[in-house]
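A short write-up of the structure that comes next.
The values are calculated or read from the model by the stated rules, or taken from the named source; none is laboratory data. Predicted model only: the values in this text are computed from it and were never measured. Neighbour counts run over all protein chains shown; Cβ positions are idealised from the backbone, glycine included. Areas reflect the complete protein model, heavy atoms only, side chains present, ligands, DNA and RNA absent. Shrake-Rupley method; radii C 1.70, N 1.55, O 1.52, S 1.80 Å.
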Amino acid sequence: SFVITAAIMQRAIRLISFDATGTLFRVKGGVGAVYSRLSSQFLPRPTRWKDEKEFGDEIQKRFLVAWKEMNKQHPAYGHPHISSYSWWGRVVKHTFADVGYNKDQLESAFPRMYDSLYHAFETGDHWEVFPEVRQVLTELTKEKGYKLGIISNFDSRLHKVISSLSLGQFFPRHDLVILSGEVGHEKPDSAIYGALLQAADLPASACLHVGDDITKDHKGARAVGMNTIIVDRNQPVSSEPLPNNTRESSSSSPSLSSSDPVVISNLTTLQNMLPNIRPNHDIRI
């Protein structure tokens, strides 16, 4: 089996880092839906949009354009030159521009509306944890003895999000929660992965990074020598990891240190791949 044939390599892993959004949790319904709903507390929906869903879909599209443009101009949430609050303020202002609001009304309501939107995303109210995550993290930490960390292109609000979602117990060391908005580098930059390795005082070969983006999570982590796994939640659920991003079964054992990504459909497969590393545990191979 994969667990047996790959155990020799995997027993060397001591730390597992995770991407956050898309891997551990996601926004409930999407950013556009949340923005649409919360903004209606301050301004009525423009009449050009027939319902909240249509308005939310438009806001989602505008948000993605505004976010990408701002990130291109000021990556890593502007750290250290711009506060994340100001950075997101520009994104939200561009998102809501020209969607049908009276300009004067929008300018008047925007400060309170934006403040509400910004702080809403530092609580757990608008996030949802993927179903298997808590059980898997419990198994990896309490049963198997791994240290866990996070490497995320996110701002400092993620600390509060993790706590609000009752995930803080799995990430007790804040120095192992590496956020682009705090270190000034974002995935796939090697520097953000290097920050984790330095904090953990471990070689890259002893670390495994798990994320959902081939470029940011797989290629970025592999560039510094870390092992990697990609979670593709859109693929059919499988009990075995698949090499080379394939959807077919394979008789060979994929390597977590390969240039090609090992792909799993959810984190349950991850816990079955890794051995118990608690002291005095006899690893059977």
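With Cα atoms defining each centre, segment 116-160 and segment 36-69 are spaced 27 Å apart in the structure.
Using a ≥ b ≥ c from the Cα gyration tensor of segment 21-118 (square roots of the eigenvalues), is it rounded, prolate or oblate, where a/c under 1.5 gives rounded and otherwise the larger of a/b and b/c decides, a/b for prolate?
Oblate.
DSSP assigns beta bridges within the chain; of those with both partners inside it, close to 20 percent run antiparallel.
Taking all protein chains into account, the per residue accessible area for the chain stands at 48 Å² (1.4 Å probe).
Please give the FRET efficiency for R112 paired with Q135, using the beta carbon to beta carbon distance and R0 = 45 Å, rounded to the nearest 0.05.
0.65
Pairs of alpha carbons in the chain separated by more than 28 Å make up 41% of all such pairs. Under 19 Å of direct C-alpha separation, and excluding same-chain neighbours fewer than eight residues apart, K50 reaches these lysines: K61.
Over segment 124-220, what is the relative contact order in whole percent, taking alpha-carbon pairs under 8 Å and six or more residues apart?
Over segment 124-220, the number comes to 24 percent.
As a fraction of the 1.4 Å probe accessible area of segment 29-142, surface on carbon and sulfur atoms comes out at 51 percent. Loop-resident trypsin sites (Lys or Arg not before Pro) (DSSP state other than H, G, I, E or B) in segment 111-192 with no more than 16 further Cβ atoms inside 10 Å of their Cβ: K144, R173.
By a 1.4 Å probe calculation restricted to protein chains, K219 has an accessible surface near 120 Å², given to the nearest 10. With a ≥ b ≥ c the root eigenvalues of the C-alpha gyration tensor of segment 69-133, is it rounded (a/c under 1.5), prolate (a/b larger than b/c) or oblate? Taking the square roots of the gyration eigenvalues as a ≥ b ≥ c, segment 69-133 is oblate. For segment 216-229, putting each phi into the Karplus relation 6.51 cos²θ - 1.76 cosθ + 1.60 with θ = phi - 60° gives couplings of 6, 9, 7, 5, x, 6, 5, 4, 9, x, 6, 6, 9, 9 Hz, in residue order, rounded to whole numbers and with x for Gly and Pro.
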